[in-house]
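First comes the structure, then the notes that go with it.
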Amino acid sequence: MNVDQLVIQPSLLEVLERIELFVGAVQAVVTGNFETNFKNLTPDVISCDTSASKKYARIVKSDAPVNGGQPSSRSVWGFVDLSNGDILKAAGWKAPAKHARGNIFDADFSVKNWSAYGPRYL
């Protein structure tokens, strides 16, 4: 086997650490979008839910809580594959669509393939 053909999968800990950085990058894009286009509104909050599935981390977009309470609505921003860090568009609340839109291990988190609203269509 050639060394160039060897693919090393990241550990779950490495993926989870990188997801934290990715969620921060998504939050920065969402906040910038609100500051530019919706100046009178409070930016949505981006978070990660890893309890939903053993295979995927769900990235959740929530309305900013009113008066310190619960957010009024939540929706799926996208998913991250825990085995390799692929960024996936949501097919619904519980499952991602096929085909990766980027990878969280890319230097810029594949920012050209997603926006404040989620991963882009192919």
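A few notes on this one:
- Using alpha-carbon coordinates, inclination of helix 12-37 to the longest axis of the chain, degrees: 40
- Between Ser47 and His99, full extension at 0.36 nm per residue minus the direct alpha carbon distance yields a gain of 16.5 nm.
- Its relative contact order, with pairs defined as Cα atoms under 8 Å and 6+ residues apart, puts segment 3-119 at 21 percent.
- Simple spin-label estimate for Ala107 and Lys39 in nanometres, 7 Å along Cα-Cβ: 3.5
- The chain - mean residue ellipticity at 222 nm from DSSP helices (-39,500 (n - 2.57) per run, n ≥ 4, rounded to 500): -7500 deg cm²/dmol
- In a simple Cβ point-charge model (Lys, Arg +1; Asp, Glu -1; nothing else charged), the chain has a dipole of about 500 debye relative to its Cα centre.
- Likely footprinting exposure, Thr36, Thr50, Thr42, fewest C-beta neighbours within 10 Å first: Thr36, Thr42, Thr50
- Over all other residues within a Cβ to Cβ distance under 10 Å of Gly102, the charged ones net out to 0, with Lys and Arg as +1 and Asp and Glu as -1.
- In segment 27-69, chymotrypsin sites (Phe, Trp or Tyr not before Pro) in a DSSP loop with at most 15 other beta-carbon atoms within 10 Å: Phe38
The numbers here are math on the coordinates, done by the rules we state, and not lab data. Since the structure is predicted, the reported quantities are computational estimates derived from the model, not experimental observations. Note that each Cβ is placed from the backbone with ideal geometry, even for glycine, and that neighbours are counted across all protein chains shown.
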